[in-house]
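As structure tokens, the structure follows; a few thoughts come after it.
Derivation of every value follows stated rules applied to the coordinates shown; laboratory data play no part. Predicted model, so just to flag it, every value in this text is computed and none were measured. Positions of Cβ are generated from backbone atoms using ideal geometry, with glycine treated the same way; all protein chains shown enter the neighbour counts.
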Amino acid sequence: MKSFRVLLSILLLAAGARAASALEYRLVAVDDGRCGFRGDCAAVVAATGEIGLDERDRFRSFVAALDGRAAAPQAFVIQSPGGNLAGAIQLGMALRQIGVPVVAGRVVSGGIGRGFCGSACVYVLMGGRSRRVPSGSVIAIHAPRRAASAWQGGVVDDGTPEGRRMVAQLLSEYSRLMGVDPALIALTMRTPHEGRRVLSSAEIRRYGLATSIARRR
């Protein structure tokens, strides 16, 4: 864990130069088919948009501002094309700490439906103690845009072999901590940033990226 935190601090230094917009958070009631006559449906956090570097702090502020009378969120539902890698990892770790399930999808009328989770969003999904991927949701991976890292007291230029090795090491250790097969990271690093690799349902299960494949609404 200590080595992981050191690597994460290195990645934060490398990622800080690229600004990103931030997720929009909403607390939404969804009908999971078990709502009572009073309409006491489950509440979920719906997160949409790009992931920012300070996403962990923004999420914590959102949770702190919730009305104390509101039901505790039953899931964190994310639809995102990606964003800041370090911000995604920190948000994923925060979600793991509180133990909330993470769903790669979007809130639709009557429940949670298919959505898109790509690039850095995948590392947020990993943070769920349990993870669901509605049938039809697209999970897409590719190598990070930046592979710079601190090395021997300096900053290695983007795309250097040593920089990529350091980032791959960080992501592999994070995936292990989250219970996801590090082979997914090897596949990610082989996929050019300019392209994308859409994972099949079989691959999502094989790598342990989701603990269940939910039925599509």
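For the ranges 138-145, 123-130, what's the packing order if you count other beta-carbon atoms within 10 Å of each residue, average per peptide, and put the highest first?
Working: 138-145: 20.2, 123-130: 23.6.
Per-residue mean Cβ counts within 10 Å order the peptides as 123-130, 138-145.
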In the range 46-130 the DSSP beta bridges are antiparallel at a rate, in percent to nearest 5, of 25 percent
Sorted largest first, the Cα spans of the range 86-136 on the principal axes come out in Å as 30, 22, 15
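Taking the mean number of other Cβ atoms within 10 Å as a proxy for protection, how do you rank 200-209, 77-86, 187-196 from highest to lowest? Spell out each step's value before the answer.
On the way: 200-209: 15.7, 77-86: 24.3, 187-196: 13.7.
Per-residue mean Cβ counts within 10 Å order the peptides as 77-86, 200-209, 187-196.
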